2 protein chains.
Amino acid sequence: MTGGKLSPKGGSGSKGTGRAGKSPTRSTYRHGDLRRALLEAGIELARQGGPEAVVLREATRRAGVVPNAAYRHFSSREALLAAVRSSALSFLAQAMEAELDRIATISRVDDRARAMLRAVGTGYLNFAFAETGLFRMAFAPLEGVRTPGDATEPPDPANAGKSGLNPFQLLGSALDAMVSAGALPAARRPAAEFLAWSGVHGLAMLVIDGPLRGLPPTQVDALGQRVIDMVEKGL
Amino acid sequence: MTGGKLSPKGGSGSKGTGRAGKSPTRSTYRHGDLRRALLEAGIELARQGGPEAVVLREATRRAGVVPNAAYRHFSSREALLAAVRSSALSFLAQAMEAELDRIATISRVDDRARAMLRAVGTGYLNFAFAETGLFRMAFAPLEGVRTPGDATEPPDPANAGKSGLNPFQLLGSALDAMVSAGALPAARRPAAEFLAWSGVHGLAMLVIDGPLRGLPPTQVDALGQRVIDMVEKGL
DNA sequence: GTGTATTGTGGACACCGTCCACAACGGCTA
DNA sequence: TAGCCGTTGTGGACGGTGTCCACAATACAC
């Protein structure tokens, strides 16, 4: 009965994990890379539906495997959630990096520093509005686990974008640039990290599931720029 | 139907809710005010544990009633959640009003207007940090229901504080005062509503279950004032 | 006092996360 | 080549959840 259903998803996705080589006609008792498959299913679930949609049994279903199999790779649902969150944070970092790339050509240092701050904020908001589920996942309360930016823990590379920096660190580097450029007094630097994040994060939350939900995208974007103005001016 | 406002602190007397007349030794088939009891249980659950802790069966258990009984008063768990959220928003409004009361004596109009803005923000943050669970509940994503401040719906009095204003309206009145006092250009007034809220709300979220979780209260308070500074300056 | 709408009960269903014992497999060692 | 053994997936079960249905007890209106 093991031969039952093949996974409807073509879902193997890249891999290149050297494995393969087994005759696929035989039983799929050994999945190959179940952990990866579960993670990807989890990400997909989170994308549409946020954290509460990441249901362990559904993930295993999509991986074509019995529910308990998940426990060979994740000690609990929480653990799967934590892994999905790491991916979500990494995606967020990438969205911020993408925006940073667009301003890479600016040469004047202070212009550039300010542009970096704006880019970081814009990328953050873009991601929040385009990938609502993943964004919610990135900041879901997780019981035992913390979010990066927490000074008490070393940054986890799994949360980083291509530059190797996580979202919090990307913001930090923009602020550093502003200090270097003389656009931000060094004394204000430490708190600035949290102030800037607060403004942008708050807008994201209010739009996603707060009172501003359903605001037309053009208005949301405009509001986003206004918030960034406020941060820039108020730091 | 619902009598006076519920108090943020826990339980009123269980039975004997006005009804009486029946010998209490007899069966408690008729509960008296089950809806109220369920709501209060829900509030208590939300207080410690936030929205996800508001479990329908547990609420009925606390009310001393079988699970299905809840469905005579709430069409679903979501509906109970929505009611609890209304209470949470009302408590939030009261916390903001409490802070407003403290500055009621200021007479110079522009001083007063600015103080109102700060009071509103401070009350908001105080509540968020003192009543984490209820605050999370107030802004939980609820599927079919919206949060007040949404312009598409008339304000629900159930969300209001003693002044009859909900949190969003309290902020609005502070901003109106600032415009009247000449402390805020009228042109900036409309967006100001959302900018101010974003800053404060973002900090609350980051501290509650984001990267700033676990920050010592004194630092949190300091950060709160800094955020309010930023808002005041950046509006 | 009798009828009727309201409100709580009892039992069931599907779904969830999780635990346990067991079976299939792959790779190591002899 | 044969056998072992640790890893990984299976099967079945348990307690928990939200929700549906039919039914019983009650309060109230006539």
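What follows draws every value from the coordinates through simple rules; no lab data is involved. Note that the structure is predicted; figures quoted are calculated from it, not measured. Neighbour counts are summed over all protein chains in view; Cβ atoms, including those assigned to glycine, are modelled from backbone coordinates with ideal geometry.
Listed values, structure above:
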read-out	value
Backbone HN-Hα couplings from phi across the stretch A:40-52 [Karplus 6.51/-1.76/1.60, Hz, Gly and Pro as x]	5, 4, x, 4, 4, 4, 5, 4, 9, x, x, x, 5
Cβ-vector label at 7 Å, B:Lys162, separations to other copies in nm	5.8
Förster radius 35 Å - calculated FRET efficiency between A:Glu52 and B:Arg188, Cβ distance, rounded to 0.05	0.40
Other-copy label distances relative to B:Ile106, 7 angstrom Cα-Cβ extension, nm	3.5
Protection-proxy order for peptides A:87-100, B:97-110, B:220-233, each taking the mean of Cβ atoms within 10 Å per residue, highest first	A:87-100, B:220-233, B:97-110
In sequence order, calculated HN-Hα J values of the stretch B:56-63 (Karplus, 6.51, -1.76, 1.60; Hz; x Gly/Pro)	4, 4, 5, 4, 5, 4, 5, 7
Between the stretch B:194-213 and the stretch A:70-149, the Cα center-to-center distance that results, in Å	16 Å
Value of Rg/Rh across the stretch B:88-234 [Cα atoms, Kirkwood radius]	0.95
Cβ-vector label at 7 Å, A:Pro185, separations to other copies in nm	2.4
